[in-house]
Amino acid sequence: MPPDKPRYRTYAHPAGGWGAAGATARALMQQSALTKGSRALLSMNQPGGFKCPSCAFPDPCKRQTLEFCEQGAKALAFEATKQRVTRAFFAQHSVTALRAQTDHWLEMQGRLTEPMRYDAATDHYVPISWDDAFALIGRHLRGLDTPHQAEFYTSGRTPNEVAFLWSVMVREFGTNNFPDCSNMCHEPTSRGLPPSIGIGKGTCRMEDFDSTEAIFIFGQNTGSNSPRMMTNLTEARRRGIPIIAINPMPERAMEQYTGPQDLVQMATFRHDVIASEFVRVRAGGDLALIKGMMKAIFERASAGEDALDQAFIDQHTVGIDAVRADISAQDWAEIVAHSGVTEDQIRRITDVYVRSNATMACFGMGLTQHQRGSQLLQQLCNLLFLRGNIGKPGAGIVPVRGHSNVQGDRTCGINDRPTPELLDAYQRVFGFDAPREDGHNVQKAVEAMYAGQARVFIGMGGNFARAVPDTDRTYAAMGKLDLTVGINTKLNRGHLIHGREALILPVIARSEVIRTAKGPQTLTIEDMIAKVTASRGVLEPPSDDCMAEVEIVCRIAMAALSETRTTWAAFAADYDLIRDKIAEVFSDIYVGFNDRLKAPEGFYLDVPPRRREFHTDSGKANFLVLDGLHADDPVDDPGMLRLLTVRSQDQFNTTIYSDNDRYRGVWGNRMVLFMNPEDRSARGLRNEQVIGLETIYDDGFTRRVTGLTVLDYPLTKGCVAGYYPELNSLIPNGYHDGISGTLAGKSIPVRVVP
Ligand SMILES: Nc1nc2c(c(=O)[nH]1)N[C@H]1C(S)=C(S)[C@@H](COP(=O)(O)OP(=O)(O)OC[C@H]3O[C@@H](n4cnc5c(=O)[nH]c(N)nc54)[C@H](O)[C@@H]3O)O[C@H]1N2
Ligand SMILES: Nc1nc2c(c(=O)[nH]1)N[C@H]1C(S)=C(S)[C@@H](COP(=O)(O)OP(=O)(O)OC[C@H]3O[C@@H](n4cnc5c(=O)[nH]c(N)nc54)[C@H](O)[C@@H]3O)O[C@H]1N2
Ligand SMILES: [Mo]
């Protein structure tokens, strides 16, 4: 039961353990999915079953009978809920009334069951037939002055087949407007890594955890956001492998962890200590820290030590001299000041790095969500190159991806800046003229809506309005549209922030059976180690009126494209035909897709850097220079704090499971601000005092959030942290990574206001 009054108390137990086991059971029970949900859990992440709808972490080499974590079980429980959003629900609640409800309340109403249309006269959603819904979309799309007036959003749960057809439909329609959830997530990985290593993907596989000699984790809250990775970390620690956690916030699972599936440990209340060392960086201080580590390595090499992998550098890289020159220009005092880490500690973790013959560098949103996020990742590559930590067992770069298929969506053509070669392939395979101009990412889509240039928004999954930055401006922008369409499993705020006309289209979820005239269909996803696996649902959809995403795309295409020669109806019936086309368009990696899918464990897509092949302009791994030590623009304001927006333990992105954050010791309140006690006293504030925050950003808009309870927390001084998405209204849309457009959600300059 949620407490009536918020409670704040340091969490005294290991992460995972009985807390996680209890939470799993509660989630299943609360969603009345106990029998249905627990049966489905047996099929999750098993051959012949479906892929977990939660995160992109891969299955282990040695699979267990129950292959899921607390977060996966929760995601499934909330998907398999018995609660239903019906036409009676919409008749009862006006849209204005629904807008006053919390995100959590909206989520708790359950699964969408039939297509609905917004009726402006009554301010209610009312039923509409599928035929009429597609006709309405077709009318709007065909009525545009140019195809570039439409925005086609993709969320990363979208399976490969759906994403690919979406990319075909939108390009045949005539635009590359593909705002994607990746624009708020791992887009710096997709854009930053190719100039360094020739591909925007990670280079490790699961077996690398077994042979690695050191693991560095930058800005990633493993215990809450990729709990299955805790198993790998626990095993590595038990082998005596050092794990260095780099984070302004101490995260509980890195301190103490009990594997909920480790029966002995559970029964004996024991735990593992995961991080061998914590590095409490400043927000964005990772750039200075990485440069400090490189400096220490160069110094050791100059002193005659064998600190560099000279053979790798000579044979496989170019550009080290420019990087060496840049690093020697940085002095230690500046490095310490910018990173917030002592020279001693930098040298100590460098020593761990130099002693290891195979190091994995893992990272999450703590690195990507900065103004120079893409380039920050290139500096991390430099650090790996110095010791040849790419393309050998136990070593490499590991972007810990978010949504279960966010990597696959990119691979299958969702791309606002496609290469000419990619567009040629679409043209060759489908015979239409693909649009050649760059399209919109999330940030440009919002600006186009705000300026009145965009007229239609269609979201394939996700919760665009809530996930993107600059909430107030975004809401205003969406309100200017002629038509908004949400293709979703659950009711969310995006449906309530709508255009003049609006549709909600309910879909069959990952865990559910998709039947067509050709029988049950299989979908596929690509996890964060580029492994493609089949996913086949086992549960019955919540209503006969839910439609498969593939069919929805095909029917939108048939309604919007008057002279299409693409075989949409055939695709909607037989997903093998879609995979054949994926294999034709992406022939270099997907050749023989349907055949290769017959392997029960799936198959890997090629990642050339694994064999030290680098498809860059130089044909080698490129050492790249980034001037200075700023991952974010400096702000000249003595009262400034850097705000990190983070996830709680009990949410999946904009889906809020509860108002609790167990591991951070918060119960019953998401409007909190974690602050270092010294920063708090310096501002004359009391612990648990309620304050406001205002963004320091000069573009004529005031961005302010009030009602935040200050909580003492051992964060790095100068940083404060609060929850996404509640604090998204503080992030200016213009405050993003220059290369990828990704919001800089981990270093927002703010000041405290009463
Ligand atoms: N249960 C659950 N699982 C999820 C999700 C979820 O919401 N819930 N979301 C999924 C998605 S889409 C994604 S992308 C991933 C996100 O997973 P994470 O990358 O773990 O995401 P965040 O919660 O944003 O946490 C980022 C971490 O970076 C730290 N950090 C913040 N700023 C900095 C910095 O400047 N430097 C460093 N070194 N660290 C910093 C924060 O303290 C926090 O620990 O998780 C996926 N899995
Ligand atoms: N300030 C700040 N902002 C952030 C972040 C941050 O760390 N800080 N993180 C960013 C990140 S990493 C991401 S990935 C984005 C997330 O952005 P989105 O992907 O847009 O958001 P989600 O909350 O994952 O989407 C939830 C909705 O997806 C729908 N859904 C669930 N399953 C399915 C399905 O199988 N099919 C369909 N069609 N719909 C489904 C449900 O209706 C649900 O309401 O947010 C970003 N925004
Ligand atoms: Mo993400």
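Taken together, the values in this text are just the output of simple stated rules run on the coordinates, not laboratory data. Note that the structure is predicted; figures quoted are calculated from it, not measured. Note that we place each Cβ from the backbone using ideal geometry, even for glycine, and neighbour counts take in every protein chain shown.
On full extension of the chain, what length is gained from M29 through A451, given 0.36 nm per residue of separation minus the C-alpha to C-alpha distance?
Values: separation 422, 0.36 × 422 = 151.92 nm, distance 4.66 nm.
Length gained between M29 and A451: 147.3 nm.
So which trypsin sites (Lys or Arg not before Pro) in region 454-521 are both in a DSSP loop and have at most 14 other Cβ atoms within 10 Å of their Cβ? Each step should come with its number before you reach the end.
On the way: sites: R455, R466, R473, K480, K490, R493, R500, R510, R515, K518; in loops: R455, K480, R500, R510, K518.
The qualifying sites are R500, K518.
Can you give the extra length, in nm with one decimal, that the chain gains between D438 and R515 once fully stretched, where that is 0.36 nm per residue apart less the Cα-Cα distance?
Result for the pair: 24.1 nm of gain on full extension.
Mind running the shape call on region 281-337? Use the C-alpha gyration tensor, a ≥ b ≥ c as the square roots of the eigenvalues: rounded below 1.5 for a/c, prolate if a/b tops b/c, oblate otherwise. Mind dumping the intermediate values first?
Working: a/c = 2.17, a/b = 1.74, b/c = 1.25.
Because a/c hits 1.5 or more and a/b exceeds b/c, region 281-337 counts as prolate.
Rg and Dmax of region 406-551, Cα atoms, in Å?
Considering region 406-551 through its Cα atoms, Rg and Dmax are 17.5, 46 Å.
Give me the dipole magnitude in Debye, nearest 20, for the chain about the Cα centre, with unit charges on the beta carbon: positive for Lys and Arg, negative for Asp and Glu.
Numbers: 82 positive and 89 negative charges, 358 e Å.
Using only the charged Cβ atoms, the result is roughly 1720 debye.
Take region 641-753, drop everything but the C-alpha atoms, weight them equally and run the Debye formula without solvent; then report log10 I(q)/I(0) at 0.16, 0.24 Å⁻¹ to two decimals.
-0.72, -1.45
Could you tell me the center-to-center distance, by alpha carbons, between region 138-191 and region 497-558 in angstrom?
16 Å
Can you give me the relative contact order of the chain as a percent, contacts being Cα pairs under 8 Å and 6 or more apart? Write down the numbers at each step before the final one.
Numbers: 1691 pairs, mean separation 164.7, N = 754.
Relative CO of the chain lands at 22 percent.
What angle, in degrees between 0 and 90 and rounded to the nearest 10, separates the Cα long axis of helix 17-30 from the longest principal axis of the Cα atoms of the chain?
Value to nearest ten degrees: 10.
What spacing in nm lies between the two simple spin-label points modelled at A120 and R139, each 7 Å away from Cα in the Cβ direction?
Label at A120, label at R139, 1.3 nm between them.
Give the relative contact order (percent, whole number) for region 641-753; include only Cα pairs under 8 Å separated by 6+ residues.
Details: 216 pairs, mean separation 43.6, N = 113.
RCO, region 641-753: 39 percent.
Packing-wise, with mean Cβ within 10 Å as the measure, how do 676-685, 338-347, 636-645 rank, highest first?
Numbers: 676-685: 15.0, 338-347: 18.9, 636-645: 16.9.
The most tightly packed comes first, giving 338-347, 636-645, 676-685.
With +1 on each Lys and Arg Cβ and -1 on each Asp and Glu Cβ, how big is the dipole of region 641-753 about its Cα centre, in debye rounded to the nearest 20?
Computed about the Cα centre, the dipole is about 160 debye.
At a Förster distance of 41 Å, what's the computed FRET efficiency of D595 paired with D132, Cβ-Cβ distance as r, to 0.05? Walk me through the intermediate numbers first.
Details: r = 41 Å, r/R0 = 0.99.
Taking R0 as 41 Å, the efficiency between D595 and D132 is 0.50.
Can you tell me the length gained on complete extension of the stretch T564 to D351, counting 0.36 nm per residue apart and subtracting the Cα distance?
Values: separation 213, 0.36 × 213 = 76.68 nm, distance 6.13 nm.
The T564-D351 span can extend by a further 70.6 nm.
Among DSSP beta bridges whose residues both lie in the chain, state the antiparallel percentage, nearest 5.
Working: 37 of 88 bridges.
Among the beta bridges of the chain, antiparallel pairing accounts for roughly 40 percent.
Could you state the number of Å between the C-alpha centres of region 385-416 and region 290-357?
24 Å
Would you mind listing how long the chain runs along its three principal axes, going by Cα atoms, in whole Å with the largest first?
Largest to smallest, the principal-axis extents are 74, 58, 58 Å.
Can you give me the distance in nm between label points at T10 and Q315, each placed 7 Å from the Cα along the Cα-to-Cβ direction?
5.0 nm
Please state the shape class of region 51-156: rounded when a/c is under 1.5, otherwise prolate if a/b exceeds b/c and oblate if not, all from the C-alpha gyration tensor. Before the final figure, lay out each step's value.
Working: a/c = 2.68, a/b = 1.53, b/c = 1.75.
Oblate is the answer for region 51-156, as a/c is 1.5 or above yet b/c matches or exceeds a/b.
Can you tell me how region 546-619 classifies by the Cα gyration tensor, rounded, prolate or oblate, using a/c under 1.5 as the rounded cut?
prolate
Scan region 536-609 for trypsin sites (Lys or Arg not before Pro) in coil per DSSP, keeping those whose Cβ has at most 11 other Cβ atoms within 10 Å, and list them by number. Working shown, then result.
Details: sites: R536, R555, R565, R579, K581, R596, K598; in loops: R536, R565, K598.
Answer by residue number: R565, K598.
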